[in-house]
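The values are calculated or read from the model by the stated rules, or taken from the named source; none is laboratory data. Remember, it's a predicted structure, so these values are computed and weren't measured experimentally. Cβ atoms come from the backbone with ideal geometry, glycine included; neighbour counts cover every protein chain shown. In case anyone asks, the SASA skips ligands and DNA or RNA and just uses the protein heavy atoms, side chains included. Shrake-Rupley method; radii C 1.70, N 1.55, O 1.52, S 1.80 Å.
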Amino acid sequence: QVEEVKNLFNQKRYKLAEEKFNQIISQNPEVEIPSIYQMAFQIEKSKGNTKAAIDTLQKAITSFPYHESLKIRLAREFFNAGKLSECEKLCRQILERNNQMTHAHILLGNVNLRLNKIAEALINYERAANLEPQNVMIKVNYASILMKNNELRKSLDLVNELGNKGNF
């Protein structure tokens, strides 16, 4: 049943997905798993209800405090909603627990960029690039931030490295 709801979301058939989701919940009120919260989040997002979507993720994290992907999704929602301090705080909590979370470094870098903290954004993106050296988009963004910081030589070297590996 859960897979059917996921498929309906992928097909952008949100109303039917919501109906099926509510049916699953009513038949299994005692079931509490992360995917249930993720579906509820998607339903709220599809309806344009950002506040309810964020509330759903916060409830999920309360129930599943060690589920890092829920925290990353919530941090992304905070960022997209312009709640930069909440995003930053959550990313720092994630990284305190696991400094290897690339997405948290990227989000924190994006927050720092929005706040015009270029030097801090560089640190975040450098860490992300080191964690995922094969990720071209991270390196492109890192090179862009280097340029903003007038580190043209380092930016050019990074772009050339990408070009030499056939990424452009």
* **Matching option when the condition is farther than 17 Å from Glu77 by Cα, at pLDDT 95 or above and touching a Phe, Trp or Tyr at 6+ places or on another chain (Cβ under 8 Å), among Ala128, Ala121** => Ala128
* **Where a residue in the range 146-161 is within 17 Å of Asn130 (Cβ to Cβ) and its partner, wherever it lies, is open to solvent by 60 Å² or more (accessible area, probe 1.4 Å), with Cβ under 7 Å and at least six apart** => Leu146/Lys154; Ser155/Met147
* Residues Glu77, Glu68: which one is open to solvent by less than 20 Å² (accessible area, probe 1.4 Å) and charged (D, E, K, R)? -> Glu77
* the range 126-140 residues that are free of Cβ contacts under 8 Å to residues at least 24 places away in the same chain and of a type in the set (Asp, Glu), paired with ones that are in a helix (DSSP H, G or I) and surrounded by 15 or more Cβ atoms within 10 Å (Cβ to Cβ) (beta carbon under 8 Å, 6 or more apart) -> Glu126/Tyr142
* What number of residues within the range 29-65 are under 18 Å from Glu86 (Cβ atoms) and loosely packed, with under 12 Cβ neighbours inside 10 Å? -> 3
* To do: Could you please let me know if Lys15 is at pLDDT 95 or above and not aliphatic (A, V, I, L, M)?
  => no
* **Residue check, Ser26 of a type in the set (Ser, Thr, Tyr), open to solvent by 50 Å² or more (accessible area, probe 1.4 Å), out of contact with any helix residue (DSSP H, G or I) (no Cβ under 7 Å at 6 or more places or on another chain) and modelled with pLDDT under 85** => yes
* Limited to the range 115-143, what total is found for residues that are in a helix (DSSP H, G or I) and either open to solvent by 50 Å² or more (accessible area, probe 1.4 Å) or not small (Gly, Ala, Ser) (or both)? -> 18
* **Every pair of residues 6+ apart whose Cβ atoms lie under 6 Å, when the first sits in the range 33-44 and is under 13 Å from Glu77 (Cα atoms) while the second is modelled with pLDDT under 85 and assigned to a helix (DSSP H, G or I)** => Gln42/Phe9
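Results for (1) under 27 Å from Ile36 (Cα atoms); (2) at pLDDT 95 or above, shown as yes or no for each residue.
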position: Tyr66; (1), (2): yes, no
position: Ser69; (1), (2): yes, no
position: Ile72; (1), (2): yes, yes
position: Phe78; (1), (2): yes, yes
position: Asn110; (1), (2): no, yes
position: Ser144; (1), (2): no, no
position: Ser155; (1), (2): no, no
position: Leu162; (1), (2): no, no
* If we scan the range 150-160, do we find a residue that is surrounded by 13 or more Cβ atoms within 10 Å (Cβ to Cβ) and under 18 Å from Glu88 (Cβ atoms)? -> no
* To do: Identify, by number, the condition in (1) open to solvent by 80 Å² or more (accessible area, probe 1.4 Å); (2) part of a helix (DSSP H, G or I) that Gln100 doesn't meet.
  => (2)
